[in-house]
Amino acid sequence: MLNLKLTSFDTNIKPTWCPGCANYLIFNSLKRTFLKLNLAKEKIVAVTDIGCCGNAADFFSVYGFHSLHGRAVAAAAGIKLANHKLIVFAIIGDGGCYGEGLTHFLNLMRGNHDIKVFVFDNYLYSLTTGQYSPTTPKGTVTKSTPNGSIEDALNPLALSLINHATFCSRVFAFNQNQLNEVFEKAFLHSGFAFIDILQPCITLNKTQTMLWYQEKIKQLPNIPQTKEEALKLALDEKNLYTGIFWQEYKPCYHEQIKILKYKTLVNQREDIISIQKFLKDFS
Ligand code: SF4
C-alpha cells in the first residue's frame with residue numbers, strides 16, 4: 001500500500017479558476033480516484049489541452065504534458081504507445097475535443113487506445129471569455145452568437161457509442177458521488193474510456209445555468225443492456241441522462257502490436273527505435 005494522501009497529488013501552484021467553478025470538484029475527484037485505486041504517482045501521466053481546464057497539469061503532482069489546442073487526446077495516445085505501462089489520461093474542454101480535436105477523438109476511440117478522456121463540457125469556449133462551442137445548444141446567445149447560435153449541437157455521447165468507444169459515460173460535475181464512482185470505473189477500464197463531464201460555467205454561461213441543468217439531469221437507473229437502448233437515451237434532448245451508457249471489453253490498440261508484446265517501445269533496442277537512419281536521408 002502506498003503511503004499517499006489527497007494532498008500528495010498537489011503541487012505548490014494554486015489553481016486560478018473562478019471561485020465556485022466545477023473544475024475544483026472534478027480535480028478533487030480525480031485525486032480521490034488515484035488514492036482509492038492506490039496508483040503510484042510516477043505511473044500517472046496527465047495530458048492537458050488549452051482552455052480553463054488546460055492548466056490542470058500544473059496542479060497535479062504527476063507527470064504532465066501540456067499539449068496544443070485539440071491535441072491532448074492524440075498526445076495521450078502517443079505517450080501510451082511509447083510506454084504502455086503508464087496510466088495516461090487526457091483533460092480537454094468541449095471546444096478542443098469536439099472542435100479542433102474531433103478527428104483525433106473519433107479515430108482514437110475506434111482503435112480502443114487505452115487512455116481515459118475527461119472532457120470538461122460547459123458548452124462554451126470559456127478561456128477566451130465565452131464563445132459558442134460545438135456542444136452549445138441551438139439558439140444560445142453567447143459573445144460570438146449575439147442573435148443565438150444557428151447550428152444544432154453536436155452529441156458527443158451518441159458519437160462515442162456509434163464509433164466503438166468501449167466505455168461511454170456522461171456525468172454531472174456537481175454530483176460528487178457520481179464523479180467518484182464513474183472516474184474509478186474509467187481508470188479500471190482496459191481501453192478507451194470517455195467521460196463527458198457536464199458543468200455550468202458559472203461566470204460566462206447565463207443560459208445553461210445550474211437551474212437549467214438541475215431540471216434536465218437524470219441518473220441512469222443502470223447500464224443499458226444494448227447499444228440501441230444506450231443510443232436512444234443519449235439522443236434524448238429533453239432529459240440529460242448521466243451515468244455509464246456502455247462498457248465492453250476488447251483488446252486495446254497496443255496489445256495488438258507484435259513489437260510491444262514483451263517490451264514497451266521505450267525499452268526496445270535503440271537500432272529499432274532510432275530515427276537517425278531516417279534523418280540521414282535528409283542531410
Ligand atoms: Fe470555470 Fe467558467 Fe471560470 Fe473558466 S470561466 S474557470 S470554466 S467558471
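The values are calculated or read from the model by the stated rules, or taken from the named source; none is laboratory data. Note that this is a predicted model, so its numbers are computed, not measured. Here Cβ is always computed from backbone atoms with ideal geometry, including for glycine, and neighbour counts include all displayed protein chains.
Given the condition within 27 Å of Ser133 (Cβ to Cβ), more than 16 Å from the ligand (Cβ to nearest atom) and hydroxyl-bearing (Ser, Thr, Tyr), answer yes or no: does some residue in the range 51-63 qualify?
Checked against the condition, which is being within 27 Å of Ser133 (Cβ to Cβ), more than 16 Å from the ligand (Cβ to nearest atom) and hydroxyl-bearing (Ser, Thr, Tyr), the range 51-63 yields no hits at all.
Residues to consider are Asn147, Asn83; find the one that is closer than 30 Å to Glu248 by Cβ, modelled with pLDDT of 95 or more and surrounded by fewer than 24 Cβ atoms within 10 Å (Cβ to Cβ).
Only one candidate qualifies: Asn83.
Within the range 131-162, how many residues turn out to be within 25 Å of Leu25 (Cα to Cα), under 16 Å from the mean Cα position of the chain (by Cα) and not in a loop (DSSP other than H, G, I, E, B)?
The number of residues fulfilling the criteria is 3.
Go through Gln247, Gln276, Gln256 for me and flag whichever is in contact with a Phe, Trp or Tyr (Cβ under 7 Å, 6 or more places away or on another chain) and more than 30 Å from Ser144 (Cβ to Cβ).
Among Gln247, Gln276, Gln256, only Gln247 is in contact with a Phe, Trp or Tyr (Cβ under 7 Å, 6 or more places away or on another chain) and more than 30 Å from Ser144 (Cβ to Cβ).
Of the residues that make up the range 261-276, is at least one under 30 Å from Thr129 (Cα atoms), assigned to a loop (DSSP other than H, G, I, E, B), at pLDDT below 95 and not hydrophobic (A, V, I, L, M, F, W, C)?
There is no residue in the range 261-276 that is under 30 Å from Thr129 (Cα atoms), assigned to a loop (DSSP other than H, G, I, E, B), at pLDDT below 95 and not hydrophobic (A, V, I, L, M, F, W, C).
Take Ala165 and tell me if it is aliphatic (A, V, I, L, M) and in a loop (DSSP other than H, G, I, E, B).
yes
Six or more apart or on different chains, Cβ under 7 Å: which pairs go from a residue in the range 194-218 that's within 30 Å of Gly111 (Cβ to Cβ) and touching a residue at least 40 places away in the same chain (Cβ under 8 Å) to one that's away from the ligand (no atom under 13 Å from the Cβ) and assigned to a loop (DSSP other than H, G, I, E, B)? Could you list them?
Phe194/Ala165
Do any residues in the range 108-122 that are in contact (Cβ under 8 Å) with a residue 60 or more places away in the chain have Cβ atoms under 7 Å from those of residues that are polar (S, T, N, Q) and within 16 Å of the ligand (Cβ to nearest atom), where the two are at least six apart or on different chains, and which pairs are they?
Close Cβ pairs satisfying both conditions: Phe120/Asn23; Phe120/Gln199; Asp121/Thr135; Asp121/Gln199; Asn122/Gln199; Asn122/Asn205.
Here's a check for you: in the range 11-38, which residue that is away from the ligand (no atom under 16 Å from the Cβ) and among the charged types (D, E, K, R) is farthest from Glu184 (Cα to Cα)?
By that ranking, first place goes to Lys31.
With respect to the numbered conditions (1) out of contact with any Ser or Thr (no Cβ under 6 Å at 6 or more places or on another chain); (2) surrounded by 24 or more Cβ atoms within 10 Å (Cβ to Cβ), which one is the sole condition not fulfilled by Phe60?
Status for Phe60: all satisfied but (2).
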